[in-house]
Amino acid sequence: MGRKRKNGECAYCGNDANLTEDHVIPKCLFTKPNPPNMIKIYACKDCNNLKSKNDDYLRDLLVNDMFSANSYVAQNNLVKSFRSAQRNTSDFSRQIIPRANLIPFHSQGGIYLGEVFEMPIDTSRVSNIFSQIVCGLFFWQYKKRLPSTYEFNVERISADGFIFEINLLNQFIKEIQFKHTKFNDVLFLAHTTDSEDEFITKWWLIFYGAVIWTIETFPPELKSI
Ligand SMILES: [Zn+2]
(Lines give C-alpha, C1' and ligand atoms only; values in the text may rest on other atoms or scores of the structure.)
Protein backbone atom coordinates (compact mmCIF):
# COMPACT_ATOMS: atom_id res chain seq x y z
CA MET A 1 0.00 0.00 0.00
CA GLY A 2 1.07 3.56 -0.61
CA ARG A 3 3.38 2.33 -3.38
CA LYS A 4 3.09 3.86 -6.79
CA ARG A 5 1.06 1.54 -8.99
CA LYS A 6 3.04 0.05 -11.83
CA ASN A 7 1.56 0.70 -15.24
CA GLY A 8 1.61 -2.04 -17.80
CA GLU A 9 0.67 -5.67 -18.02
CA CYS A 10 2.11 -9.03 -17.17
CA ALA A 11 4.15 -10.25 -20.15
CA TYR A 12 2.97 -13.79 -19.54
CA CYS A 13 -0.77 -13.57 -18.83
CA GLY A 14 -1.78 -9.95 -19.47
CA ASN A 15 -2.94 -9.31 -15.89
CA ASP A 16 -2.43 -5.66 -14.92
CA ALA A 17 -2.60 -6.03 -11.12
CA ASN A 18 0.15 -6.92 -8.65
CA LEU A 19 2.91 -6.30 -11.13
CA THR A 20 6.46 -7.16 -10.12
CA GLU A 21 9.76 -6.89 -11.91
CA ASP A 22 10.85 -10.08 -13.62
CA HIS A 23 14.28 -11.04 -14.95
CA VAL A 24 13.40 -12.91 -18.13
CA ILE A 25 16.77 -14.68 -18.07
CA PRO A 26 17.13 -15.74 -14.42
CA LYS A 27 19.82 -13.96 -12.44
CA CYS A 28 21.21 -17.27 -11.17
CA LEU A 29 22.65 -18.04 -14.61
CA PHE A 30 25.09 -15.14 -14.22
CA THR A 31 28.00 -14.50 -11.90
CA LYS A 32 28.63 -11.05 -10.48
CA PRO A 33 29.03 -8.47 -11.83
CA ASN A 34 25.82 -8.95 -13.74
CA PRO A 35 25.71 -7.57 -17.26
CA PRO A 36 24.32 -3.99 -17.43
CA ASN A 37 21.72 -5.03 -19.99
CA MET A 38 19.77 -7.59 -17.93
CA ILE A 39 16.33 -8.12 -19.48
CA LYS A 40 13.59 -6.93 -17.16
CA ILE A 41 9.86 -6.81 -17.75
CA TYR A 42 6.71 -6.77 -15.62
CA ALA A 43 5.09 -9.98 -14.51
CA CYS A 44 2.18 -10.43 -12.14
CA LYS A 45 3.03 -11.93 -8.77
CA ASP A 46 1.56 -15.33 -9.65
CA CYS A 47 3.44 -15.69 -12.94
CA ASN A 48 6.65 -14.43 -11.36
CA ASN A 49 6.41 -16.94 -8.51
CA LEU A 50 5.67 -19.83 -10.85
CA LYS A 51 8.47 -18.86 -13.20
CA SER A 52 11.07 -18.45 -10.45
CA LYS A 53 10.43 -22.02 -9.29
CA ASN A 54 12.19 -23.11 -12.49
CA ASP A 55 15.25 -20.85 -12.16
CA ASP A 56 17.54 -23.34 -10.42
CA TYR A 57 16.32 -26.18 -12.61
CA LEU A 58 17.26 -24.22 -15.72
CA ARG A 59 20.68 -23.33 -14.29
CA ASP A 60 21.35 -26.96 -13.40
CA LEU A 61 20.21 -28.15 -16.81
CA LEU A 62 22.58 -25.74 -18.57
CA VAL A 63 25.68 -26.05 -16.41
CA ASN A 64 25.45 -29.85 -16.36
CA ASP A 65 25.28 -29.88 -20.15
CA MET A 66 28.50 -31.40 -21.44
CA PHE A 67 28.81 -28.59 -24.02
CA SER A 68 29.35 -25.98 -21.28
CA ALA A 69 32.48 -27.71 -19.92
CA ASN A 70 34.80 -24.99 -21.25
CA SER A 71 32.98 -22.02 -19.76
CA TYR A 72 34.36 -20.42 -16.61
CA VAL A 73 30.95 -19.01 -15.64
CA ALA A 74 29.25 -22.34 -16.23
CA GLN A 75 31.84 -24.16 -14.13
CA ASN A 76 31.43 -21.57 -11.38
CA ASN A 77 27.68 -22.12 -11.44
CA LEU A 78 28.22 -25.87 -11.54
CA VAL A 79 29.71 -25.56 -8.05
CA LYS A 80 26.45 -23.96 -6.88
CA SER A 81 24.54 -26.71 -8.61
CA PHE A 82 26.62 -29.36 -6.77
CA ARG A 83 26.11 -27.59 -3.45
CA SER A 84 22.36 -27.61 -3.79
CA ALA A 85 22.54 -31.23 -4.95
CA GLN A 86 24.43 -32.07 -1.76
CA ARG A 87 21.77 -30.32 0.29
CA ASN A 88 19.24 -32.21 -1.82
CA THR A 89 17.46 -28.94 -2.54
CA SER A 90 17.90 -29.20 -6.29
CA ASP A 91 14.90 -30.54 -8.21
CA PHE A 92 17.22 -31.28 -11.06
CA SER A 93 19.53 -33.55 -9.09
CA ARG A 94 16.65 -35.23 -7.26
CA GLN A 95 15.00 -36.16 -10.51
CA ILE A 96 17.96 -36.72 -12.79
CA ILE A 97 20.91 -38.20 -10.96
CA PRO A 98 19.24 -41.44 -9.81
CA ARG A 99 18.22 -42.10 -13.40
CA ALA A 100 21.39 -41.04 -15.21
CA ASN A 101 23.29 -43.63 -17.27
CA LEU A 102 26.93 -43.56 -18.23
CA ILE A 103 27.35 -43.75 -21.98
CA PRO A 104 30.40 -43.54 -24.26
CA PHE A 105 30.95 -40.08 -25.74
CA HIS A 106 32.59 -39.57 -29.12
CA SER A 107 33.85 -36.42 -30.83
CA GLN A 108 32.30 -35.48 -34.16
CA GLY A 109 35.26 -37.21 -35.80
CA GLY A 110 34.42 -40.39 -33.93
CA ILE A 111 37.19 -40.26 -31.31
CA TYR A 112 36.26 -41.88 -28.02
CA LEU A 113 36.42 -39.19 -25.32
CA GLY A 114 35.34 -41.16 -22.28
CA GLU A 115 32.03 -41.62 -20.57
CA VAL A 116 29.42 -38.98 -19.87
CA PHE A 117 26.12 -39.05 -18.08
CA GLU A 118 23.16 -39.41 -20.35
CA MET A 119 20.42 -37.66 -18.46
CA PRO A 120 16.74 -38.17 -19.02
CA ILE A 121 15.47 -34.61 -18.77
CA ASP A 122 11.92 -33.61 -18.00
CA THR A 123 11.15 -32.51 -21.55
CA SER A 124 7.75 -30.98 -20.88
CA ARG A 125 9.12 -28.92 -17.98
CA VAL A 126 12.10 -27.78 -20.08
CA SER A 127 9.79 -26.95 -22.96
CA ASN A 128 7.61 -24.86 -20.64
CA ILE A 129 10.64 -23.04 -19.22
CA PHE A 130 11.92 -21.97 -22.65
CA SER A 131 8.43 -21.15 -23.94
CA GLN A 132 7.90 -18.83 -21.00
CA ILE A 133 11.30 -17.22 -21.51
CA VAL A 134 10.40 -16.53 -25.14
CA CYS A 135 7.09 -14.94 -24.06
CA GLY A 136 9.17 -12.61 -21.89
CA LEU A 137 11.70 -11.93 -24.63
CA PHE A 138 8.98 -11.18 -27.16
CA PHE A 139 7.35 -8.68 -24.80
CA TRP A 140 10.72 -7.08 -24.07
CA GLN A 141 11.35 -6.62 -27.81
CA TYR A 142 7.90 -5.69 -29.10
CA LYS A 143 6.00 -4.38 -26.04
CA LYS A 144 3.14 -6.77 -26.71
CA ARG A 145 2.27 -10.31 -25.82
CA LEU A 146 2.48 -13.35 -28.05
CA PRO A 147 -1.08 -14.60 -28.70
CA SER A 148 -1.88 -17.28 -26.12
CA THR A 149 -2.95 -19.69 -28.87
CA TYR A 150 0.51 -19.74 -30.41
CA GLU A 151 2.60 -22.85 -29.97
CA PHE A 152 6.27 -23.45 -29.29
CA ASN A 153 8.85 -25.80 -30.65
CA VAL A 154 11.78 -26.05 -28.23
CA GLU A 155 14.96 -27.85 -29.21
CA ARG A 156 18.42 -28.39 -27.82
CA ILE A 157 20.83 -28.45 -30.73
CA SER A 158 23.00 -31.54 -30.70
CA ALA A 159 26.64 -31.72 -31.81
CA ASP A 160 25.44 -32.73 -35.28
CA GLY A 161 23.24 -29.64 -35.67
CA PHE A 162 25.67 -27.16 -34.16
CA ILE A 163 27.46 -26.11 -37.36
CA PHE A 164 24.17 -25.88 -39.24
CA GLU A 165 22.70 -23.48 -36.68
CA ILE A 166 25.87 -21.36 -36.52
CA ASN A 167 25.86 -21.05 -40.32
CA LEU A 168 22.21 -20.11 -40.26
CA LEU A 169 22.97 -17.42 -37.66
CA ASN A 170 25.81 -16.03 -39.76
CA GLN A 171 23.50 -15.90 -42.74
CA PHE A 172 20.89 -13.98 -40.71
CA ILE A 173 23.52 -11.57 -39.39
CA LYS A 174 23.81 -10.27 -42.94
CA GLU A 175 20.08 -9.57 -43.11
CA ILE A 176 18.37 -6.49 -41.75
CA GLN A 177 15.69 -8.28 -39.75
CA PHE A 178 18.25 -10.01 -37.59
CA LYS A 179 18.57 -8.83 -33.99
CA HIS A 180 21.15 -10.08 -31.55
CA THR A 181 22.53 -9.18 -28.14
CA LYS A 182 25.25 -10.52 -25.90
CA PHE A 183 25.01 -10.77 -22.12
CA ASN A 184 28.53 -11.21 -20.73
CA ASP A 185 29.85 -14.68 -21.47
CA VAL A 186 26.60 -16.23 -20.37
CA LEU A 187 24.16 -15.70 -23.22
CA PHE A 188 24.15 -14.82 -26.88
CA LEU A 189 20.59 -14.09 -27.94
CA ALA A 190 19.34 -13.77 -31.49
CA HIS A 191 15.98 -13.87 -33.17
CA THR A 192 14.15 -13.31 -36.38
CA THR A 193 10.49 -12.86 -37.23
CA ASP A 194 8.39 -13.76 -40.24
CA SER A 195 7.77 -10.78 -42.55
CA GLU A 196 4.03 -11.49 -42.79
CA ASP A 197 3.25 -12.66 -39.26
CA GLU A 198 5.39 -10.98 -36.59
CA PHE A 199 4.34 -13.64 -34.09
CA ILE A 200 6.04 -16.38 -36.09
CA THR A 201 9.53 -16.22 -34.67
CA LYS A 202 12.68 -18.20 -34.15
CA TRP A 203 15.00 -17.56 -31.22
CA TRP A 204 18.52 -18.80 -30.62
CA LEU A 205 19.75 -18.86 -27.06
CA ILE A 206 23.42 -19.80 -26.87
CA PHE A 207 24.48 -20.29 -23.26
CA TYR A 208 28.11 -20.23 -22.13
CA GLY A 209 29.26 -20.04 -25.73
CA ALA A 210 28.35 -23.61 -26.40
CA VAL A 211 24.87 -24.79 -25.47
CA ILE A 212 22.34 -23.89 -28.17
CA TRP A 213 18.61 -23.95 -27.58
CA THR A 214 16.24 -22.85 -30.31
CA ILE A 215 12.60 -21.90 -29.86
CA GLU A 216 10.12 -21.38 -32.66
CA THR A 217 6.69 -19.83 -32.23
CA PHE A 218 3.89 -20.48 -34.69
CA PRO A 219 0.09 -20.35 -34.92
CA PRO A 220 -1.79 -23.59 -34.21
CA GLU A 221 -2.93 -23.93 -37.86
CA LEU A 222 0.67 -24.43 -38.96
CA LYS A 223 1.06 -27.50 -36.81
CA SER A 224 0.00 -30.00 -39.46
CA ILE A 225 2.49 -28.79 -42.07
ZN1 LIG B 1 0.83 -13.07 -15.09
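The values are calculated or read from the model by the stated rules, or taken from the named source; none is laboratory data. Computed from a prediction, not measured in an experiment: that's the story for all the values here. No Cβ is skipped: glycine too gets one built from the backbone with ideal geometry, and neighbour counts run over all protein chains shown.
Can you tell me how many residues in the range 166-181 are surrounded by fewer than 17 Cβ atoms within 10 Å (Cβ to Cβ) and either assigned to a helix (DSSP H, G or I) or touching a residue at least 40 places away in the same chain (Cβ under 8 Å) (or both)?
Number satisfying all stated conditions: 7.
Regarding the range 123-131, can at least one residue be identified that is buried (at least 16 other Cβ atoms within 10 Å of the Cβ) and either free of Cβ contacts under 8 Å to residues at least 24 places away in the same chain or touching a helix residue (DSSP H, G or I) at 6+ places or on another chain (Cβ under 6 Å) (or both)?
yes
Hey, any hits in the range 48-68 for a residue that's assigned to a loop (DSSP other than H, G, I, E, B), modelled with pLDDT of 95 or more, in contact with a Ser or Thr (Cβ under 9 Å, 6 or more places away or on another chain) and surrounded by 14 or more Cβ atoms within 10 Å (Cβ to Cβ)?
Checked against the condition, which is being assigned to a loop (DSSP other than H, G, I, E, B), modelled with pLDDT of 95 or more, in contact with a Ser or Thr (Cβ under 9 Å, 6 or more places away or on another chain) and surrounded by 14 or more Cβ atoms within 10 Å (Cβ to Cβ), the range 48-68 yields no hits at all.
For the range 185-210, which positions are at pLDDT below 90 and farther than 20 Å from G136 by Cα?
Passing the criteria: D185, S195, Y208, G209, A210.
Being over 29 Å from F162 (Cα atoms), of a type in the set (S, T, Y) and modelled with pLDDT of 90 or more: is that true of Y42 here? Explain how you work it out, then say what you get.
Values: over 29 Å from F162 (Cα atoms): yes; of a type in the set (S, T, Y): yes; modelled with pLDDT of 90 or more: yes.
So Y42 fits the description; yes.
Looking only at the range 14-27, filter to residues that are assigned to a strand (DSSP E or B) and within 10 Å of the ligand (Cβ to nearest atom); which one of those is nearest to N184 (Cα to Cα)?
Looking at the filtered set, the residue picked out is D22.
Does at least one position in the range 73-80 carry a residue that is under 30 Å from P120 (Cα atoms), in contact with a strand residue (DSSP E or B) (Cβ under 8 Å, 6 or more places away or on another chain) and away from the ligand (no atom under 16 Å from the Cβ)?
Yes, that holds for at least one residue.
Given (1) assigned to a strand (DSSP E or B); (2) among the β-branched types (V, I, T); (3) under 17 Å from the mean Cα position of the chain (by Cα); (4) at pLDDT below 80, identify the lone condition not met by V154.
Of (1) assigned to a strand (DSSP E or B); (2) among the β-branched types (V, I, T); (3) under 17 Å from the mean Cα position of the chain (by Cα); (4) at pLDDT below 80, only one is false for V154: (4).
Residue-by-condition table, conditions (1) within 16 Å of S131 (Cβ to Cβ); (2) of a type outside the set (K, R); (3) within 13 Å of the ligand (Cβ to nearest atom); (4) under 14 Å from the mean Cα position of the chain (by Cα):
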| site | (1), (2), (3), (4) |
| --- | --- |
| A11 | yes, yes, yes, no |
| L29 | no, yes, no, yes |
| Y42 | no, yes, yes, no |
| D56 | no, yes, no, yes |
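Hey, G209 hits all of (1) on the phi > 0 side of the Ramachandran plot; (2) part of a helix (DSSP H, G or I) but one; which does it fall short on?
If we test G209 against (1) on the phi > 0 side of the Ramachandran plot; (2) part of a helix (DSSP H, G or I), just (2) comes out false.
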